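Here's the structure, in structure tokens; my notes come after.
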Amino acid sequence: MPAETPVYALFFSAVIRYIERMSKDQRPDSSLSAEYALGLLRGGERSAVEADAGLRHDAEGWQAKLAPLDGAESEPVPPGSFERILARIDEQGMLLPGTATKRAADAEWRQHSDGITYRVLKVDERLKRRTLLVKMQPGAILKSHSHRFEEECLVIEGDLRYGDLVLRAGDYHHAWAGAHHADGITAAGCLLHVVIAI
């Protein structure tokens, strides 16, 4: 059975076929404007098109050329559909095939203990590993613990102290299975990239 073609691929291939049939004098020049007209731009790129009269004019040209594909006679699209499509495209690695992106703006931070939160970046069931970002507020204490499995930690910013061992931004720390950590204390707060077993 052949793999199902994603909806966004069908949509973009239809748009590309339509544009290819346009004569050269009908085609707007800026791909940035075309991406704007299709609603693909976010943040600064979208604002740049809106702020530039020439790009805005090109975007309006794209919108006029693509209007026949609008399907105005069809049922209205439910609110939030476009955002869900973009999220699905991101999940499927459309921007960089074979990759996945977790947006900072969409982060779900979970409470670990007082002054300590974490965000799950990846769960690898095959390797039984979990990749986390951990935030510790100034003065937070990570209670002493022993490791049943290996753990890796990279300090991205701030400081973390285990007894006499002080870790600072850029320092990497590895704990083997069976290792014991005293209380982990941060003076200034810290952000950690941690890989642990699940």
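The values are calculated or read from the model by the stated rules, or taken from the named source; none is laboratory data. Treat the numbers as computed from the prediction; the structure is a model and nothing was measured. Counting neighbours? That spans all protein chains shown, and the Cβs are built from the backbone with ideal geometry, glycine included.
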Cβ-Cβ under 7 Å pairs, at least 6 apart or on other chains, region 172-196 side in the same structural domain as Thr117 (by TED's automatic domain parsing), far side of a type in the set (Phe, Trp, Tyr): Ala177/Phe149; His181/Tyr162; Ala182/Tyr162; Gly184/Tyr162
Can you name the residue in region 125-158 that is exposed (fewer than 13 other Cβ atoms within 10 Å of the Cβ) and under 28 Å from the mean Cα position of the chain (by Cα) and, of all such residues, is farthest from Lys102 (Cα to Cα)? Pro138
